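A quick write-up on the structure given underneath.
The values are calculated or read from the model by the stated rules, or taken from the named source; none is laboratory data. Since the structure is predicted, the reported quantities are computational estimates derived from the model, not experimental observations. Cβ atoms come from the backbone with ideal geometry, glycine included; neighbour counts cover every protein chain shown.
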Amino acid sequence: MRSLNKIRTVLVGCGGMSAAWLQAVRELREVEIVGLVDIFADAARQKAQDFQLQDAIISTDLASVLQQTQVDAVFNCTIPEAHYEITMTALKHGCHVLSEKPLADSMVHAREMLAAATQAGKIFAVIQNRRYDPAIRRIQHFLSTQQIGELTTVNSDFYIGAHFGGFREHMEHVLLLDMAIHTFDAARLLTGADPVSIYCHEWNPSGSWYDRDASAMAIFEMTGGIVYTYRGSWCANGLATTWECDWRFIGQRGSVSWDGGSQQQAQIVKATGGFISDYQDIDIPAYETQNVGGHAGLIREFFTCIQNGTRPETSAADNIKSLAMVFGAIESAESGQKVNIIS
């Protein structure tokens, strides 16, 4: 029997990342996990045990769960190659979908999934959880006040020597496909701009423990005339950046730096006339917003939107622009040519 006033939800993909999703749902009384699906049934059983979900249906196949019980929403926590199949199955059964990033494994699949969500009249959103960090919201709000003037140039650096083991060390385009989506999406959030074109160079440094290219540099032309650059590596030993990157924002009247963590600094022009202008430090004030909380904040917003009929900030219709930056960068790296970005 259907639980009254509960949004009945199935989670697909019971690997390590699924724990953050299930932990977030524990705080949401309006949500009931009615099914756990994984290609390895034991993984689903273990999650049921870990999170006291004894009544959840355990299965290796989403379609069979959707046929057994009424489901309102699906969490797609599978690997990127499975996102298309799981999301399309859920949408065809009339379910809302919240998916792990990236949205899809190709732009063709992304457009098909977006069309299916539109046809079904269901919410399809992506878990770009880094948008929901208080520090990035603080920087975004400060930049929007234009105290440093209109943005002209944005740079981000990502350098971490990560020894994952497993499939990532054998992946093609491991940095661009597996991690850069977070940074590219952050760049869109922070600038309020969308991508126009991209030139990207990708390589695998000597001494790398990855089979394929694990480093990349990219130059994006963005709307509003902003130039955004990305430099990154998964095999950079020493002096690691934060996982959120090290950022510099250059405006017409000043600059902002942010280490991706707690260190934020801003300077504006105080006086001109000399070889170098005089500058003054200015405060980046605290900023409070409801759009915080990482996984939990984004998941909470997803279910609120289901209840009130609004659209999440990370809806697929918007997130496809961030995905287009990823596949544009890959196309440019493979061709050695500048690529126009079409989402």
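Which of the residues spanning segment 108-134 are over 16 Å from the mean Cα position of the chain (by Cα) and aliphatic (A, V, I, L, M)? First the steps, then the outcome.
First, the residues of segment 108-134 that are over 16 Å from the mean Cα position of the chain (by Cα): 108-109, 111-123.
The answer is 108, 113, 114, 115, 116, 117, 120, 123.
With within 22 Å of residue 185 (Cβ to Cβ) and polar (S, T, N, Q) as the only criterion, which of 304, 272 stands out?
On the way: 272 fails: within 22 Å of residue 185 (Cβ to Cβ).
Every option except 304 fails the conditions.
From the residues in segment 25-34 that are touching a helix residue (DSSP H, G or I) at 6+ places or on another chain (Cβ under 9 Å) and not in a strand (DSSP E or B), which one is surrounded by the fewest Cβ atoms within 10 Å (Cβ to Cβ)? It would help to see each step written out before you state the result.
Looking only at segment 25-34, we keep the residues that are touching a helix residue (DSSP H, G or I) at 6+ places or on another chain (Cβ under 9 Å), and these are 25, 27-28, 30-34.
Now narrow it down to the ones that are not in a strand (DSSP E or B): 25, 27-28, 30.
Values: 25: 24, 27: 11, 28: 17, 30: 13.
So the residue we want is 27.
If the requirement is being surrounded by fewer than 17 Cβ atoms within 10 Å (Cβ to Cβ) and touching a strand residue (DSSP E or B) at 6+ places or on another chain (Cβ under 9 Å), which of these qualifies: 308, 340? Show your work before the answer.
Values: 308 fails: touching a strand residue (DSSP E or B) at 6+ places or on another chain (Cβ under 9 Å).
So the residue among 308, 340 that is surrounded by fewer than 17 Cβ atoms within 10 Å (Cβ to Cβ) and touching a strand residue (DSSP E or B) at 6+ places or on another chain (Cβ under 9 Å) is 340.
Results for (1) part of a loop (DSSP other than H, G, I, E, B); (2) closer than 30 Å to residue 176 by Cβ, shown as yes or no for each residue.
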| residue | (1), (2) |
| --- | --- |
| 5 | yes, no |
| 23 | no, yes |
| 36 | no, no |
| 55 | yes, no |
| 87 | no, yes |
| 98 | no, yes |
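Only one of 40, 75, 51 is in contact with a strand residue (DSSP E or B) (Cβ under 7 Å, 6 or more places away or on another chain) and either assigned by TED's automatic domain parsing to the domain that holds residue 20 or not aromatic (Phe, Trp, Tyr) (or both); which? Step through it out loud before you land on a result.
On the way: 40 fails: in contact with a strand residue (DSSP E or B) (Cβ under 7 Å, 6 or more places away or on another chain); 51 fails: in contact with a strand residue (DSSP E or B) (Cβ under 7 Å, 6 or more places away or on another chain).
Sole residue among the options that is in contact with a strand residue (DSSP E or B) (Cβ under 7 Å, 6 or more places away or on another chain) and either assigned by TED's automatic domain parsing to the domain that holds residue 20 or not aromatic (Phe, Trp, Tyr) (or both): 75.
Exactly one of these conditions fails for residue 47: (1) in contact with an Asp or Glu (Cβ under 9 Å, 6 or more places away or on another chain); (2) under 22 Å from residue 306 (Cα atoms); (3) at pLDDT 95 or above; (4) not in a strand (DSSP E or B). Give me its number.
So the condition that residue 47 fails would be (2).
Within segment 290-310, is even one residue closer than 23 Å to residue 113 by Cβ and either assigned to a strand (DSSP E or B) or assigned by TED's automatic domain parsing to the domain that holds residue 19 (or both)?
Scanning segment 290-310, I find no residue that is closer than 23 Å to residue 113 by Cβ and either assigned to a strand (DSSP E or B) or assigned by TED's automatic domain parsing to the domain that holds residue 19 (or both), so the answer is no.
If a residue must be over 12 Å from residue 287 (Cα atoms), of a type in the set (D, E, K, R) and in contact (Cβ under 8 Å) with a residue 60 or more places away in the chain, how many such residues does segment 107-151 contain?
4
For segment 102-206, list the strands (runs of 3 or more DSSP E) that sit wholly inside it and hold at least 3 residues that are under 15 Å from residue 326 (Cβ atoms); which are they? Walk me through it before giving the result.
Numbers: elements: 124-126, 151-159, 195-203.
Fully inside segment 102-206 and qualifying: 195-203.
Would you say residue 155 is closer than 30 Å to residue 257 by Cα and either crowded, with 24+ Cβ neighbours inside 10 Å or in contact with a Ser or Thr (Cβ under 8 Å, 6 or more places away or on another chain) (or both)? If you could, list the steps in order and put the result at the bottom.
Values: closer than 30 Å to residue 257 by Cα: yes; either crowded, with 24+ Cβ neighbours inside 10 Å or in contact with a Ser or Thr (Cβ under 8 Å, 6 or more places away or on another chain) (or both): yes.
Here the answer is yes, as residue 155 does meet what is asked.
Sort through 241, 229 and tell me the only one that's in a loop (DSSP other than H, G, I, E, B), assigned by TED's automatic domain parsing to the domain that holds residue 257 and under 19 Å from residue 182 (Cα atoms).
Details: 229 fails: in a loop (DSSP other than H, G, I, E, B).
It is 241.
Out of 207, 192, I need the residue that is more than 25 Å from the chain's Cα centre (by Cα) and either in contact (Cβ under 8 Å) with a residue 40 or more places away in the chain or on the phi > 0 side of the Ramachandran plot (or both). Which one?
Of the residues listed, the single one that is more than 25 Å from the chain's Cα centre (by Cα) and either in contact (Cβ under 8 Å) with a residue 40 or more places away in the chain or on the phi > 0 side of the Ramachandran plot (or both) is 207.
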